[in-house]
Amino acid sequence: MLPSHLNGHSPLARRRPHLTAASPPTSAGEPPAAGAAATSAPVSLEEHDRIYFQSYSHIGIHEAMIKDRVRTDAYHSAIMHHQKFIEGKVVLDVGCGTGILSVFCARAGAKRVYAVEASEIATQACEIVKANNLTDQVVVIHGRVEDVDLEEKVDVIISEWMGYMLLYESMLPSVLFARDKWLKPGGLILPSHATLFMAPITNSERYEGSVDFWCDVYGINMSALVPLAKKFTSEEPSIETIGGENVISWPSVVKHIDCYNFTTEEFKSITAKYKVSSMMLAPIHGFGFWFEVEFNGPQESSPNIPSDLNPLEIVQKKRRRSSEDTVLLSTAPEDEPTHWQQTILYFPDPIEVKQDQTVEGSVTVSQSEENPRFLNIHLECS
Ligand SMILES: C[S@@+](CC[C@H](N)C(=O)[O-])C[C@H]1O[C@@H](n2cnc3c(N)ncnc32)[C@H](O)[C@@H]1O
């Protein structure tokens, strides 16, 4: 049993990750030191939000998102896929940023788009709407979606709310709030479904580069730093790009979210058990997490995916549907890389597994009470 407790205590704007974990993984059998990480003076929720929104007033974040063609093309394809529904309708863009999705919707024929943005980038969004002669259709509102007053209910909600490991940043509750307050019955939510996956990974190069590196540095034995390197590597979730070759089992579903029905209460803490079988003899260096989102209409909801369903079937089923009748945005290691990359939780020491050996345990992902934009992750593995 290797319990590991990780607190994400920074960021975050997802595009500039600086995830830190302040409590070390506990040794075998000990209870996790939940919440042990907070060392700084308490900061109010308003201050956390101010810092969060300030990070979105920087152009760099928007550039990184918009240049992520996998992401931006998926949203554009989803809008065009649902063009018949969007034409002549009212859209709410939750967190419009530069306004790019609002402009896509207006060009797809939306009668009106409410483009709501809490950060200062709203000023530029307004100018972009003007420069593209869309002021008749797109209304930019500078404010939090929780605080704004719209003139009418909407037919469509679109939002790009996904953070690292899907849930980081905790923007989804704002979309759920908007859904409950402003969406007409039968309305469309884009994206409609999201699935978080996890799988054990092997990555000797990365582990050796961070930990074994200290054994011989320019001929100097610096192995005194190895314990610190292990601590650092395993306490801090790492955002990096891995490939399919690093993943040693079929993935397990941590959570499947139906945005038409999911609640803020459910978002607060998500626990999943996993049981996977190693496809090879290899050292497991940790677990990788990634997600997919789908863009389905209200009538074509993706069926709930039970976590015991063969993940291969899930993936194949989705791929088939994706090419035929739905749009899928994937951040999986075997797919084209995105700016989300994958989130890796490294162990302090690798665990050797044989081919077909079962690896099982549980993971809990919960919103930090100190700063709801952050996540606490508790992973157990045996
Ligand atoms: C990931 S960015 C997406 C920006 C843009 N939609 C795009 O696709 O390029 C999320 C944006 O939502 C904004 N945001 C997050 N929570 C919000 C809220 N509750 N109300 C209004 N804006 C919010 C952030 O400031 C940020 O600009």
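The values are calculated or read from the model by the stated rules, or taken from the named source; none is laboratory data. It should be emphasised that the depicted structure is a prediction, and the values quoted were computed from it without experimental measurement. Neighbour counts run over all protein chains shown; Cβ positions are idealised from the backbone, glycine included.
Please go through segment 142-166 and give me each residue that is more than 10 Å from the ligand (Cβ to nearest atom), assigned to a loop (DSSP other than H, G, I, E, B) and over 17 Å from residue 71 (Cβ atoms), ordered by number.
Of all residues in segment 142-166, those more than 10 Å from the ligand (Cβ to nearest atom) come to 149-157, 164-166.
Pick out the ones that are also assigned to a loop (DSSP other than H, G, I, E, B) and you get 149-153, 164-165.
Listed by number, the residues that qualify are 149, 150, 151, 152, 153.
Can you tell me how many residues in segment 161-183 are touching an Asp or Glu at 6+ places or on another chain (Cβ under 6 Å) and surrounded by fewer than 20 Cβ atoms within 10 Å (Cβ to Cβ)? Lay out the reasoning, then the answer.
Step one: of segment 161-183, the residues touching an Asp or Glu at 6+ places or on another chain (Cβ under 6 Å) are 163, 177.
If we keep only those that are surrounded by fewer than 20 Cβ atoms within 10 Å (Cβ to Cβ) too, we end up with 177.
The total comes to 1.
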Number of the condition not met by residue 236 [criteria: (1) at pLDDT 95 or above; (2) under 30 Å from residue 351 (Cα atoms)]: (1)
Of all residues in segment 91-103 being without any contact (Cβ under 8 Å) to a residue 60 or more places away in the chain and either β-branched (Val, Ile, Thr) or in a helix (DSSP H, G or I) (or both), the one that is farthest from residue 295 (Cα to Cα): 98
Restricting segment 167-212 to residues that are farther than 30 Å from residue 96 by Cβ and among the aliphatic types (A, V, I, L, M), the residue that is nearest to the ligand (Cβ to nearest atom): 198
Of the criteria (1) within 30 Å of residue 325 (Cβ to Cβ); (2) of a type outside the set (Val, Ile, Thr); (3) more than 12 Å from the ligand (Cβ to nearest atom), which one residue 136 fails: (1)
Residue satisfying condition, being near the ligand (Cβ under 10 Å from one of its atoms), out of contact with any helix residue (DSSP H, G or I) (no Cβ under 6 Å at 6 or more places or on another chain) and without any contact (Cβ under 8 Å) to a residue 40 or more places away in the chain, within set 122, 106: 122
Identity of the residue in segment 68-90, within 12 Å of the ligand (Cβ to nearest atom) and in contact (Cβ under 8 Å) with a residue 40 or more places away in the chain, that ends up surrounded by the fewest Cβ atoms within 10 Å (Cβ to Cβ): 68
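Residue 97 - would you say it is modelled with pLDDT of 95 or more and in contact with a His (Cβ under 7 Å, 6 or more places away or on another chain)? So that I can check it myself, show each step before the final result.
Values: modelled with pLDDT of 95 or more: yes; in contact with a His (Cβ under 7 Å, 6 or more places away or on another chain): yes.
The answer is yes for residue 97.
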Enumeration of residues in segment 167-194 that are touching a strand residue (DSSP E or B) at 6+ places or on another chain (Cβ under 9 Å), on the phi < 0 side of the Ramachandran plot and part of a strand (DSSP E or B): 183, 184, 187, 188, 189, 190, 193, 194
Of the criteria (1) over 30 Å from residue 241 (Cα atoms); (2) part of a strand (DSSP E or B), which one residue 126 fails: (2)
